[in-house]
Amino acid sequence: MSAKPRIYILIGAAAAGAAFAAAMLLMNISERKQEARERYVEVVRLTEDTVDPAVWGRNFPRQYDSFKRTAEMTPTRFGGSEPYSRLDRDPRLKRIFAGYAFALEYKEERGHAYSLQDQDETARTRERPQPGSCLQCHASVIPAYRRAGGGDVLKGFELICAMPFREARKLVEHPVACIDCHDPKTMDLRVTRPGFLAGIKALKKSQGIDNYDPNTMATRQEMRTYVCGQCHVEYYFAGEKKLVTYPWAEGLKVEQIEAYYDRIAFSDWQHEETGAPVLKAQHPEFETFSQGIHARSGVACADCHMPYMRQGAVKISDHHVRSPLLNVERACLTCHPVSAAEMKARAEAIQERHAALLDRAEDALIALLDDIKAARAAGAKDQQLAEALKFHRKAQWRVDFVNAENSMGFHAPQESARILAEAIDYARQGQLAIKR
């Protein structure tokens with residue numbers, strides 16, 4: 001065969017190969033586009049009574065696979081999900097919480113998979129009577145509210161809050177689950193917790209917005225924070241019925257919440273050493289985050305703690321909810337054009353500085369406790385110590401507001417530093433009041 005026919009054959013073969021490759025590429029692109037259009041395949045019908053995440057996982061296997069990883073226990077330098085004893089690491093807390101259940105046991109929280117189990121096992125519920133109110137955030141409880149209230153969630157919420165914890169615990173099976181954040185028909189994000197719904201309504205009213213309903217009035221990006229803010233908040237149990245209440249009627253800042261508590265004359269307990277009526281901060285992540293640069297820039301909780309990920313052509317939120325420091329590349333670097341090492345170093349520098357400030361604030365608070373105890377031993381009466389006890393309440397509230405918030409200052413660095421500076425100042429003012 002001459003050279004020309006061979007060339008024509010080679011050209012024809014190359015053209016056929018290129019055409020085949022192009023056809024395969026187009027088919028692959030078409031398949032990927034179709035895959036991306038399919039939100040999910042409905043294998044089972046989900047309803048308002050479908051609580052078990054494993055059932056949701058049949059329709060959403062990708063999300064469920066990552067959700068199951070919340071059972072992993074991975075520490076960070078100032079938190080994570082390893083259940084160490086805070087009382088052992090910081091013995092000052094035993095005195096700071098003297099007379100309160102947190103002096104019995106205070107462990108670092110584990111992931112969502114353990115939210116109900118940890119509540120079952122803590123000495124705070126085993127050795128002290130607690131109300132069913134705890135279940136609002138530690139369990140997938142909305143169907144139980146509905147059953148207890150004869151179809152009325154709010155009525156059931158009130159009834160279960162008033163029950164003893166062990167009695168109410170029999171009404172639920174699962175920790176925080178898919179149904180707590182998603183509508184089972186549309187999969188849209190939603191707020192379900194009655195405490196949050198009442199709290200955000202009161203907050204918006206203080207800002208001049210009446211009858212606010214996040215499920216109809218919030219943007220999707222706001223909802224990506226609100227679904228987390230349902231539980232990662234400050235709250236208290238109001239009245240004899242122990243109704244879970246968010247103290248937001250005057251605002252989210254530490255002094256605004258304090259003003260609310262002062263106005264209703266609320267205290268969590270009377271301090272065993274000083275006799276001061278003091279407050280226990282719960283875990284005010286939502287309140288603190290709302291004062292920070294990320295919130296002001298329109299970033300949502302889910303952007304950092306549940307960043308988007310791709311599996312094939314499908315883009316989903318990573319349901320392995322965890323510290324962004326364990327996932328810096330996807331949690332941080334999509335916005336911050338620096339290396340992962342640099343980003344982590346920046347975050348940990350903020351935390352280190354706040355840990356040092358917190359250490360000084362706790363020392364100042366302990367010094368105030370010592371001085372009040374000494375004054376009582378010397379015969380000082382409540383009336384003489386009234387000013388010092390007010391400063392104890394103010395200092396303790398601020399120390400605990402930062403200590404109980406699970407970012408060691410990162411969610412709002414300047415705000416957290418301001419709060420700790422005030423804590424130190426109030427503690428020292430309390431000491432001066434005793435000398436006067």
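The values are calculated or read from the model by the stated rules, or taken from the named source; none is laboratory data. All of these numbers come straight from a predicted model, not from anything done at the bench. When we count neighbours, we look across all protein chains shown, and the Cβ atoms used for this are built from the backbone with ideal geometry, even at glycine.
Quick check: is even one residue across region 244-252 in contact with a helix residue (DSSP H, G or I) (Cβ under 9 Å, 6 or more places away or on another chain), outside any helix (DSSP H, G or I) and under 20 Å from R124 (Cβ atoms)? The answer is yes, given that some residue of region 244-252 is in contact with a helix residue (DSSP H, G or I) (Cβ under 9 Å, 6 or more places away or on another chain), outside any helix (DSSP H, G or I) and under 20 Å from R124 (Cβ atoms). Those helices (runs of 4 or more DSSP H) of region 1-74 in which at least 3 residues are loosely packed, with under 12 Cβ neighbours inside 10 Å, at pLDDT below 95 and not assigned by TED's automatic domain parsing to the domain that holds K107, considering only elements entirely within it, cover 3-37.
The residues on offer are K205, K241, and the sole one that is part of a loop (DSSP other than H, G, I, E, B) and either farther than 19 Å from H283 by Cα or at pLDDT below 95 (or both) is K241. Within the bounds of region 168-180, is there any residue that is surrounded by fewer than 18 Cβ atoms within 10 Å (Cβ to Cβ), touching a Leu at 6+ places or on another chain (Cβ under 9 Å) and either part of a loop (DSSP other than H, G, I, E, B) or not charged (D, E, K, R) (or both)? Scanning region 168-180, I find at least one residue that is surrounded by fewer than 18 Cβ atoms within 10 Å (Cβ to Cβ), touching a Leu at 6+ places or on another chain (Cβ under 9 Å) and either part of a loop (DSSP other than H, G, I, E, B) or not charged (D, E, K, R) (or both), so the answer is yes. Checked against (1) assigned to a loop (DSSP other than H, G, I, E, B); (2) free of Cβ contacts under 8 Å to residues at least 40 places away in the same chain, K344 passes all but condition (1).
Residues checked against (1) under 17 Å from F286 (Cα atoms); (2) out of contact with any Gly (no Cβ under 8 Å at 6 or more places or on another chain); (3) not charged (D, E, K, R):
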site	(1), (2), (3)
T122	no, yes, yes
R146	no, no, no
A198	yes, yes, yes
D213	no, yes, no
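Within region 341-352, the set of residues being out of contact with any Cys (no Cβ under 7 Å at 6 or more places or on another chain) and crowded, with 16+ Cβ neighbours inside 10 Å comprises K344, A347, E348, I350, Q351.
Pairs meeting the criteria (first residue in region 280-293 and without any contact (Cβ under 8 Å) to a residue 12 or more places away in the chain and assigned to a loop (DSSP other than H, G, I, E, B), second residue crowded, with 19+ Cβ neighbours inside 10 Å and not aromatic (F, W, Y), beta carbons under 8 Å, at least 6 apart or on different chains) are lacking.
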